[in-house]
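Below is one structure, written out as C-alpha cells; comments come after it.
The values are calculated or read from the model by the stated rules, or taken from the named source; none is laboratory data. Because the structure is predicted, anything quoted here is derived from the model rather than measured. Glycine gets a Cβ as well: all are built from the backbone with ideal geometry, and neighbour counts include every protein chain shown. The protein model used for the area step is the full one, side chains on, heavy atoms only, and it has no ligands, DNA or RNA in it. Shrake-Rupley method; radii C 1.70, N 1.55, O 1.52, S 1.80 Å.
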Amino acid sequence: MRYRTLPYFLFFIMILLTGKISGQGITGIITDPLGNTLPYTNIFVPQLKKGTTTNADGEYRLALPAGTWRVEFRNLGYSTLEKEVTVGAGDLGLDVTLQERSYRIGEIRVLSSGEDPAVYVMRRAIAMAPYYKSQVSEYSSMVYLKGSGKFGRIPRMLRKTLEKQGVKANDVFSVESLSKIEFRLPDQMKQQVIAQRSSGNDNNTTPMPMITSNLYNASDYGVVSPFDRQALQVYQFRLLGMFEDQGRMINRIQVTPRRKGNDVFQGIINVADGYWSVHSADLQLTAPMMNIRMKQLYGPVDINTWMPVSLSFDVVFEGMGFGFDYVYVASVSDYEVTLNPKLDHSFLEKQRKLYAEEMQILEEIEVRNHSAAGEQGNRASDSRRPERIRELLHKEELTTRESRELNRLMSKETAASNPPPPLEIEQRIFMDSVRVERDSSFWETIRPIPLTDAESKGFLRKDSLLRIQSAPEWRDSVEQARRRFKPRHILLGATYSYHPRGSATRKTLTIPGIGGSDATSFNTVDGIRLNLPFRWYTRDTLGHAFALEPRLSYAFARKKPDAALSAAYTWNGTKRATVRISGGSTTDDFSGELGLSAFSNDFHTLWYERNFKKFYRRDFLELHQEIELANGLNLYTTFSWANRLPLTNHSSYRIIDWKDRTYTENVPVNHTLKPEQLLENRKAEASVMVTWTPVQRYYIRNGFKYYAESRYPTFSLTWKKAVPGIFGSEAKYDLVEAGMKQRLLPGIGNIFEYSVNAGSFLNSQTLHFSDFRHFSTHYPWLVAGPGLESFSLNPFYRTSTSGWFANAHAAFESGRLLVKRIPALGNTILTEQVFVNLLHTSHYRYYSEAGYRIRNIFAIFSVEAVAAFKSASFHSAGLKLIISLPEM
C-alpha cells in the first residue's frame with residue numbers, strides 16, 4: 001500500500017455495516033464444542049435478507065417478525081448450522097454450538113500441469129472478478145457498525161494531555177452507527193445516518209467512501225487483491241481442502257505473498273467452486289507499525305447473488321510510544337438489489353444446475369490428466385465476445401494466458417454494460433437530525449449486536465457526560481473557550497471559531513504567532529524578516545465564502561515595514577466563481593513563486609554563507625477573477641499594476657564564517673540580463689489563462705464544487721500583455737504559453753505524472769527581470785519538498801529567458817523498483833521515483849536531467865541522485881536531501 005493511501009485504507013477498514021430491530025426475535029450465545037464463545041459469528045435469515053453478528057463475547061440478538069424462519073449460523077472455520085425457529089411475542093432464547101469444519105482433501109483436483117489445484121481455481125476467480133464487480137447495478141441496505149478499542153500504552157509526556165480529552169490507558173471507548181445505504185454503479189452513493197454515537201469525543205466516522213469496497217476492488221486502495229489481474233504473479237495459492245456450504249462446494253485456499261510489502265494480503269480465502277466467487281475471507285495486512293486482520297463473510301441476497309453480510313476488522317498499532325487495539329464489527333442486512341440488466345446472468349443459473357447434477361453423480365472429484373491445452377489467445381471482436389467467454393468458461397483447464405484473456409473479455413463486457421459515469425460523483429450523507437444523537441434507551445431498541453460489559457460502561461460514562469454537556473451553561477462555556485484569547489497565542493498563534501460546533505458553515509479568525517515556523521525568515525537584503533499573516537474567513541452552505549487577509553511584515557536590517565491586504569469573495573461555489581482584490585508592498589524573489597523556499601534559503605544563507613535568492617521591492621495592486629465556464633473549462637483573468645524597485649544587501653550576518661566564500665551581491669546571474677532591467681520599472685499587465693480538463697468529474701460539498709482526479713490531461717493557454725502609459729507604466733511585452741499536464745495511476749502503488757510547456761515572448765521591448773519566464777529549481781543540496789516542475793542542477797536565474805522556451809518534466813513513482821525488493825525493506829513506507837527534466841530556450845539549448853529518488857525515509861525525508869546533460873554531453877551531477885514539509 002502506498003504510504004499516502006494508508007490512512008485512507010485504514011479509514012475503509014473502520015467502516016462497514018446492518019440492521020433494524022423490532023419487539024421480538026432470537027437471542028443467545030454461540031460457542032464451539034469446547035464451550036469457547038465465538039465472536040463475530042454471522043446470524044442470517046435468507047427469507048428476510050436480514051442478519052446480525054455476535055459481539056466479542058459471542059452474544060447476539062436478532063429482531064424478527066412473528067412467524068417461522070430458517071436461521072443460518074456461520075463462522076469462518078466452522079460448519080454452517082441451519083435451524084428453523086418460530087418467533088412469537090418476546091425474545092426466544094437460542095444458544096448454539098458450531099462444529100469445526102472438516103475438509104475433503106480427497107476431492108482436490110490434480111492438474112496435468114503439476115500446478116497446485118488452487119491455481120486452477122484462482123485463474124477462473126480472477127477471470128470472473130470483473131463480472132462480480134458489476135453484477136449488481138444498484139442496491140440498498142441497512143448497515144450497523146460498532147467499533148471498540150483501547151490504548152494499551154500512552155507515552156508518559158502525552159498522558160495528561162490525553163486525559164484532559166477523556167482518553168486513558170485501558171479505558172474502552174466505542175462508537176456505533178446505524179445507516180441506510182443506497183448505491184448505484186459506477187460510484188454513486190447516498191447514506192442516511194439514522195443514528196450514531198460514541199463513548200468518546202463525537203465521532204463522525206461514516207461508511208460512505210468505502211461501503212462498496214470488497215476484495216474485488218481492494219486494488220483501488222493500494223493493496224493487491226487476490227482477485228487482481230496480476231495476483232498470480234504476486235501471490236502463491238495452495239488448496240487446503242474443500243467443504244460444502246448451502247449447496248455449494250467451497251475451495252479453501254491459502255494466500256501467501258511472494259514478497260514482503262504493506263500492499264499484500266496473507267491468509268485464507270474461500271471461493272465457490274463453479275461460480276468462482278468469494279464465499280468468505282480471513283486475511284491479514286501488515287503495514288508499518290500496524291497489523292490489520294480482516295474477515296468477510298458473504299451471504300445470498302438474491303438468486304446467485306452473494307454480497308457481504310458480516311465483516312470484522314482488528315487493527316493493532318504499536319509505535320511512537322503508543323499501543324492501540326481497535327476492533328470494528330459491521331453487519332449488513334435488508335438488502336434490496338437490482339441485477340445489472342445489461343449483463344448476461346444466465347450462465348450462472350446454468351452453472352448451478354450443472355453443478356447440482358455433478359454433485360449427485362460424483363462421490364469425489366475425478367482425477368484427470370489432459371495434455372496441455374493449446375494457447376489460442378485470439379483477440380475476440382465485440383460480436384464474438386460472449387461466445388468466447390462461454391468457450392473459456394467451459395474449458396477444463398485454463399492457462400494463465402487464457403485466464404487473462406477471459407478477465408479482459410469480462411472487463412470489456414461489464415464496461416460496455418455499465419452506464420457512462422455522471423460528471424458529479426454523488427456520495428452524500430444525510431443526517432436524520434431527530435434521531436442521530438440518542439441515549440442508551442433508544443439504542444437498546446435498535447441495536448442488533450449486543451454491547452460487551454466494557455462497552456456498556458463506556459457508554460454509561462458518555463451518557464452521564466451528555467447530561468452535563470446538554471446544559472446551556474456548559475455549551476456557552478465551550479463556545480467562549482473557542483474564542484478566548486490566551487497569552488500563549490502571541491507566541492504560537494491561534495484560530496478562533498465563531499460558528500456553532502458541528503456546523504457546515506465557517507466563521508474563523510486566525511492570528512499569527514511570532515514564534516511560528518513561518519513567522520521569521522532571514523535574507524541578506526532584509527536581515528531578519530518578521531511576517532505576520534492574519535485571516536478572517538466565512539463560508540456558508542450556499543456556495544458563498546469571504547476571506548480577508550492582512551499581512552504585516554518588518555525588515556529589521558532595512559528598518560522597513562511592509563503591509564499587504566487581500567480580500568476574496570466566492571459568489572458561486574458550484575461555478576468556482578471568485579473575485580479577489582489585493583495590494584500593498586513586499587519584498588519579492590525575482591522568480592516569484594518558482595523561487596527557493598524560505599526554509600531552504602534561511603538554512604543555506606545562515607549556515608553555508610550562500611545567499612541564493614535575489615530580491616526586489618514590489619508595490620502593487622491586483623484585480624483577479626476566476627470562473628468555470630463549462631465542465632472542466634476554467635477562465636482566469638487578472639489585471640495588475642506594480643512598481644518594481646531595486647534593493648541591495650543590508651546584512652552580512654552568518655552563523656558560520658566560511659573562509660573561501662562571501663555573500664554575493666543582490667544581482668541575479670543571467671548573461672542575457674541587461675543592467676536597466678534591474679532598475680525601477682512600472683508595469684500594467686493584463687493576463688488571461690484558460691484551462692480545460694475533458695470529462696472532469698467532481699464532488700459537491702456544502703455548495704462548493706471540488707474536482708476529482710481526472711483520467712484526462714489538463715490543457716492550458718496563457719496570454720500576458722504589458723501595456724505602457726497606464727499610471728506611468730513602462731513595461732511593454734506580449735507572452736503566450738501553452739501547456740499540458742496529467743497524473744496517471746498505472747498499476748497498484750504506481751504514479752506517473754508529466755508536464756509539458758512551451759511559449760514565447762512575441763515582443764519584449766521593455767521588461768523588468770521579474771517579467772522573464774523563470775523556471776523552478778532546487779539547486780542547493782538541502783531543500784524543502786520540490787514539485788514535479790522543478791529542475792535539480794539548474795542554477796537560479798541562469799536559464800530565465802525573455803525569448804522562446806520549452807520545458808518538460810516526467811516522473812514515475814513506485815513502491816517496488818529497486819530498494820523495496822530487498823526483503824528487509826519490503827514492508828517499509830519507502831517509495832522510489834525516477835524522473836527526467838528537459839529545457840530548451842532561445843539561449844540555453846538542449847539541457848536535460850535524469851535522476852532517482854528514495855522517498856519517505858522516516859516519513860519526511862527523501863534522497864536524490866541526479867545527472868545533468870547539455871547537448872547530450874555530461875554536464876554535472878549531484879546528491880540532495882529533501883525534506884517533505886510544506887513550503888515555509
Subset of the stretch 235-246, residues in a strand (DSSP E or B) and either open to solvent by 30 Å² or more (accessible area, probe 1.4 Å) or without any contact (Cβ under 8 Å) to a residue 24 or more places away in the chain (or both), comes to Gln236, Arg238, Leu240, Glu244
Residue count, the stretch 553-572, condition surrounded by fewer than 16 Cβ atoms within 10 Å (Cβ to Cβ) and within 21 Å of His650 (Cβ to Cβ), comes to 4
Looking across the stretch 721-743 at residues that are under 30 Å from Arg853 (Cβ atoms) and either touching a residue at least 24 places away in the same chain (Cβ under 8 Å) or open to solvent by less than 20 Å² (accessible area, probe 1.4 Å) (or both), the single one that is nearest to the chain's Cα centre (by Cα) is Arg743
Those residues of the stretch 140-162 that are closer than 21 Å to Val337 by Cα and surrounded by fewer than 20 Cβ atoms within 10 Å (Cβ to Cβ) come to a total of 1
Among residues of the stretch 21-66 being of a type in the set (D, E, K, R) and surrounded by fewer than 24 Cβ atoms within 10 Å (Cβ to Cβ), the residue nearest to the chain's Cα centre (by Cα) is Lys49
Restricting the stretch 247-303 to residues that are free of Cβ contacts under 8 Å to residues at least 40 places away in the same chain and outside any strand (DSSP E or B), the one surrounded by the most Cβ atoms within 10 Å (Cβ to Cβ) turns out to be Met289
Among residues of the stretch 516-552 being under 30 Å from Thr574 (Cβ atoms) and not in a strand (DSSP E or B), the residue least open to solvent (accessible area, probe 1.4 Å) is Gly543
Taking the stretch 676-730 and keeping residues within 22 Å of His624 (Cα to Cα), among the hydroxyl-bearing types (Ser, Thr, Tyr) and not in a strand (DSSP E or B) leaves Thr693, Ser729
When the stretch 848-862 is checked residue by residue, the ones that are open to solvent by 50 Å² or more (accessible area, probe 1.4 Å) and either at pLDDT 95 or above or at positive phi (or both) are Tyr852, Phe858
>> Any residue at all in the stretch 783-795 that's open to solvent by 50 Å² or more (accessible area, probe 1.4 Å), in contact (Cβ under 8 Å) with a residue 12 or more places away in the chain and of a type in the set (Val, Ile, Thr)?
In response: no
In the stretch 679-692, anything aliphatic (A, V, I, L, M) and either at pLDDT below 95 or open to solvent by 30 Å² or more (accessible area, probe 1.4 Å) (or both) is listed as Leu679, Ala686, Val688, Met689, Val690
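Let's see how each residue does on (1) closer than 30 Å to Glu709 by Cα; (2) of a type in the set (Gly, Ala, Ser); (3) within 24 Å of the chain's Cα centre (by Cα):
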position	(1), (2), (3)
Gly759	yes, yes, no
Gly803	no, yes, no
Ala806	yes, yes, no
Ser814	yes, yes, yes
Thr828	yes, no, yes
Considering the stretch 170-204, residues that are open to solvent by 30 Å² or more (accessible area, probe 1.4 Å) and under 29 Å from Pro422 (Cα atoms), and then whichever is modelled with the lowest pLDDT, we arrive at Asn204
So, first residue under 30 Å from Asn757 (Cα atoms) in the stretch 809-830, second residue part of a helix (DSSP H, G or I), Cβ within less than 9 Å, six or more apart or across chains; the pairs are Ser814/Lys820; Gly815/Tyr3
